[in-house]
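The values are calculated or read from the model by the stated rules, or taken from the named source; none is laboratory data. No experiment lies behind these values; they were computed from the predicted model shown. Cβ coordinates were reconstructed from backbone atoms using ideal geometry, including for glycine residues, and neighbour counts include every protein chain displayed.
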Amino acid sequence: MARCAIDCVKAAKRVKRSGRLPGSLEPEETAGVDYWVADGHLIRQHCPKLSDLYISRELKEHLRKLTGLELTMVPDMASCMNVNVLPAGHRYEKHVDDWGITMVVPLTQCGGGRLLFEGAPVEHLDPVPGKGLIFNGTLYPHEVELVTSGVRLSLIFEFLVEGAPVERSEGLSEALYGLD
Ligand SMILES: [Fe+2]
């Protein structure tokens with residue numbers, strides 16, 4: 001699994017956007033993203049074990065026990081999962097998510113690079129490999145603080161609560177995953 005996750009990183013694309021995107025909670029001057037990402041298409045191509053995990057009954061059952069929610073897959077290959085890459089000198093802007101429930105798992109240790117939450121029961125997630133969490137990304141604003149050393153890699157799986165309406169801001173997947 002670790003080796004194919006690295007293949008995803010090698011295939012990751014740089015995405016650089018200035019200004020506010022849907023969900024951005026920063027002023028126009030600091031809003032935007034500048035990061036590298038392997039979206040769901042690249043993960044399926046380079047690390048099918050990860051995409052198999054995303055669709056697995058075992059994970060669905062595990063998350064049901066963990067959250068008490070019936071979670072379903074996001075019906076959009078590009079944005080249902082990603083491997084997010086932030087080298088030193090990069091951060092990720094404060095935002096709320098479009099999809100309902102986000103599972104984030106750090107894959108590397110780095111300097112800085114904590115995931116900070118606003119108004120949530122948990123204040124931050126340290127970049128400790130394998131120690132992730134699942135949260136409602138539409139409810140709690142979150143951002144990644146500046147990475148000061150190393151490379152911050154994280155795996156992100158997105159889910160919907162079963163029965164909830166499927167909504168996606170127009171153009172967001174294209175903006176975040178470099179789909180021009
Ligand atoms: Fe997010």
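A few notes on this one:
- Strands (runs of 3 or more DSSP E) fully within segment 1-86 counting 1 or more residues that are in contact with a Ser or Thr (Cβ under 6 Å, 6 or more places away or on another chain) and within 16 Å of the ligand (Cβ to nearest atom): 32-38
- Within segment 90-119, if we keep just the residues that are away from the ligand (no atom under 12 Å from the Cβ) and among the hydrophobic types (A, V, I, L, M, F, W, C), the residue that is farthest from the chain's Cα centre (by Cα) turns out to be C110.
- Pairing residues of segment 155-180 that are closer than 16 Å to V96 by Cα with residues that are among the hydroxyl-bearing types (S, T, Y) and at pLDDT 80 or above, at Cβ distances under 6 Å and at least 6 apart in sequence or on separate chains, gives F157/Y54; E158/T102; L160/T72; S173/S79.
- Scanning segment 87-97 for residues that are under 18 Å from V15 (Cα atoms) and not in a strand (DSSP E or B) returns A88, G89, H90, R91, D97.
- Any pair with Cβ under 9 angstrom, 6 or more apart, that starts in segment 37-61 at a residue that is touching a residue at least 24 places away in the same chain (Cβ under 8 Å) and within 23 Å of R14 (Cα to Cα) and ends at one that is among the basic types (K, R) and surrounded by 15 or more Cβ atoms within 10 Å (Cβ to Cβ): L50/R44; S51/R44
- Per-region count, segment 137-173, residues within 15 Å of the chain's Cα centre (by Cα) and within 22 Å of L50 (Cα to Cα): 11
- A count restricted to segment 96-116 and to residues that are surrounded by fewer than 20 Cβ atoms within 10 Å (Cβ to Cβ) and in contact with a His (Cβ under 8 Å, 6 or more places away or on another chain) stands at 3.
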